[in-house]
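K.L.:
Below: one structure in structure tokens.
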């Protein structure tokens, strides 16, 4: 970045590749393996017929401006530094040491010197008929504007082939103290200059006869010179003078167009004289300094400059242009038409010399008078504190002691200017009395002052009360009227806040989090009044529920019977078993016995003997023999042993023989059950380690 | 205290007491911004509002007679007005007494932290980050064709008048005031807010829009000749008394004969032009010669006369050394 308040000038910044189609070939040389070649098509694009508006930073003179530009070259500032060199313009070969030739040129033509296409035309028609740009498929827009000029104008006004690199350069500026500072601009800018000083020409004041400046309208066009560099003049062709001609236009086609009521008359060289005398604004004797102009149309040897000057005796744009502008619906189109007003001439039917067409990427018009540059404009600013009706200006004071001397004086309104509406009542403090309808419906006036005042104000100290509704900020002034300034500020602030749902939700969420943390503090303090207790209120640990839960547990632990209630009975009653019918029937049915037969035998031998002699009903009717039974038993013992060995607690200390039941297992030491016996047996079996 | 006495009255009391508490260790940490109690999104939105972003223009300038065409109006910012604006935002979503009491408790922290955030809204690259308590804010509104015609005006404000200084001091210098906001509100209306009350304000022609041209004799408004004062292209210094008449193309209106002008510049002694490319004068050297000073308008007390002419303050320079090698690489492969 360049130093504060400085800038650096560079001759050119050439991009590594120009716009066009490229093919990228990639190979991977690998020993032993063949890797296929990678081919990619690459299109490098760049504006060609239309300059995107975001690439244009500024123009000088400003579009539609009026002012003294006669000492300054018009220019256009482009945001991409490489833009002027992104295409190959062609033309005669340049020397080995010559800088690269840009494809853009800024050409300034006066009203009447050329014609701008009234409507966008297909891009193929934007170049001189018969010519064609290389790679027609490379078009950034299907339509574009074009400029039609005669060979005379090209030779007299257009830059020479050798001038082109000289008229384009790159600037690197420091943008930190400008409004561009917070954007994504880097301060690198390409500047395209014109080669023509926009001059205003003198004309005779009808009242005094003194020469006064007559405004001249100019059109600045950023042209694409691709393929047509050859038609530009070269340095060798041109003669030079130390002064220029004070003429508005080197060639005025409007005059020819006006006289060409019928193109036949022009072509045949008749009929022009009468039309020229009929020219409505012709003002003979417009000053000796005015030089002759070129005769453009066949035989139309009229002093074209006279008419051109006279046409501008009224500094307003032509009524025709205004009419076009009002008819157009689109504002952009309206502005374009207005700007192109003086250049909308159809030249081809009556101009006999060769004409050329150039694509126009951007164009704007301005009016050259002899006053109104930056310096005079800023010095003529009305300076004052907000709330002053008439500020001061730095200019010649017509009522001062020396009307020629520039001094600072009160900027009183021009008595000849149309009267402005009366300003509303204004207080010294900057308060303005604005009409107000009170809540009861009465029409009244109320004082209002925005955030800007002519006097410094004291800010309320930090502890001052906070307004919750706007009515709290309404005040009554000593004159009995209401001052609604702060109330209005409150309301617009509330509305602006509500217009951003993200802000509203952030605000509500933050306050509830703050409140949650504060409540956790307070509740914790209340719960543990005795012991000072600092809860963890960081974002992670500010959970009030957890905090309260812990406190509750502590308190409950101290007096469980008060908090928790009566204890649980040690044992619950068992579930009742439902029996249907007499018990002996149920048992007999369950065991598959014949109850009647059993009773019969019990009657003779007794129940025990009867049961002993009754075979148990076996499913399938097979009996297990003793050998199978012994095998099953052995298997079962093994399995029990295996499970018990796995489940047995390992003896950690060989000294203690009895570690008791597994630690942590809730159990009551009582009579040993079968499992305990088993474990004891295992313990005994285990060899001492 | 027993749990049985924890009834609704106590609960309400706890809520109200909690509302008055600000938990100061409940902070948001931003690596770029430091620790703050007020979350960054709220702080920045409120600071933006303090600098009046988004406020309708009719609230700022309620009547067009306060800002006539082609005028500049300086002002002091009414802090109470912007505080009321912020209070309006804060009032959103406060329905209960507890919420309002809580807002009362938070207001001083919000005020202090938003004061600090005001300076972080506009941070041009390369400038130091400034912080401190909120102070007076002043500024100006300019309604002029200057704003639309010369986009990117340079605006600088100084606490003390340092006209003698040719170098431009950074915003962190105690003599210079930080620009808090600079924005075009409309194509021709520029709003600038300064962090303090300046003694002088400089408004300068934009540098990327600096123009090129030649001088017309002041006394002759219709002179058809132009003079070009020359500079030494190696240092940028003026060559006093040296100038060449600007050549024009014969029979054309105001079109400069560039070739002849180039030759005249190259032929004049002491200009030190040419030699980097094949041309007698390079594009940037030509630009340097044709450069006209950006004009700097100083607004301030008329008694503070500049001790040096402003032309001395601005001295253009072209540094070739760093670019020469690159040029050669490009044009002589």
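Every read-out reported here was derived from the displayed coordinates using simple, explicitly stated rules and does not represent laboratory data. These numbers come from a predicted model, not from an experiment. Please note: Cβ atoms are built from the backbone with ideal geometry, for glycine as well, and neighbour counts cover all protein chains shown.
K.L.:
What shape does the range A:129-241 have by the C-alpha gyration tensor, where a ≥ b ≥ c are the square roots of the eigenvalues, rounded means a/c under 1.5, and otherwise prolate means a/b greater than b/c and oblate the rest?
P.N.:
Oblate, since a/c reaches 1.5 and b/c is not below a/b.
K.L.:
Can you pull the one-decimal nm distance between simple spin-label points at residue A:632 and residue A:399, each 7 Å off the Cα toward Cβ?
P.N.:
The answer from the label model is 13.3 nm.
K.L.:
Would you kindly state how much longer the chain becomes between residue A:681 and residue A:502 on full extension, computed as 0.36 nm times their sequence separation minus their alpha carbon distance, in nm to one decimal?
P.N.:
57.0 nm
K.L.:
In addition: Could you order the peptides A:44-55, A:578-589 from most to least packed, using the average number of other C-beta atoms within 10 Å per residue?
P.N.:
The packing order, highest mean first, is A:44-55, A:578-589.
K.L.:
Would you please classify the overall shape of the range A:178-236 from the alpha carbon gyration tensor, given that a ≥ b ≥ c denote the square roots of the eigenvalues, rounded means a/c under 1.5, and beyond that prolate means a/b larger than b/c while oblate covers the rest?
P.N.:
Because a/c hits 1.5 or more and a/b fails to exceed b/c, the range A:178-236 counts as oblate.
K.L.:
Here's something else I'd like to know. How far apart, in nanometres, would the label points at residue A:644 and residue A:131 be if each is projected 7 angstrom from Cα along the Cα-to-Cβ direction?
P.N.:
About 11.2 nm, to one decimal.
K.L.:
Then there's this: Would you give the gap between the C-alpha center of the range A:4-45 and the C-alpha center of the range B:222-250, rounded to a whole Å?
P.N.:
43 Å
K.L.:
Further, regarding this structure: Please state the shape class of the range B:52-138: rounded when a/c is under 1.5, otherwise prolate if a/b exceeds b/c and oblate if not, all from the C-alpha gyration tensor.
P.N.:
Cα axes put the range B:52-138 in the oblate bin.
K.L.:
What ranking, highest mean first, results for peptides A:99-112, A:234-247 when packing means the other Cβ atoms within 10 Å averaged over each residue?
P.N.:
A:99-112, A:234-247
K.L.:
Please average, across the residues of B:194-205, the number of beta carbons from any other chain that are within 10 Å of each residue's own beta carbon, and give a whole number.
P.N.:
So the per-residue partner count for this stretch is 1.
K.L.:
Using per-residue counts of other Cβ atoms within 10 Å, averaged over each peptide, order A:604-615, B:254-265 from highest down.
P.N.:
Sorting A:604-615, B:254-265 by mean packing, highest first, produces B:254-265, A:604-615.
K.L.:
Could you tell me the distance between the Cα centroids of the range B:33-105 and the range A:53-93, to the nearest Å?
P.N.:
41 Å
K.L.:
Taking the Cβ-Cβ separation of residue A:242 and residue A:97 as r and a Förster radius of 41 Å, what is the calculated FRET efficiency to the nearest 0.05?
P.N.:
Result of the calculation: an efficiency of 0.85.
K.L.:
Other chains' Cβ within 10 Å of B:142-153 residues: what's the mean?
P.N.:
6
K.L.:
Alpha carbon centre of the range A:416-476 versus the range A:111-146: separation in Å?
P.N.:
57 Å
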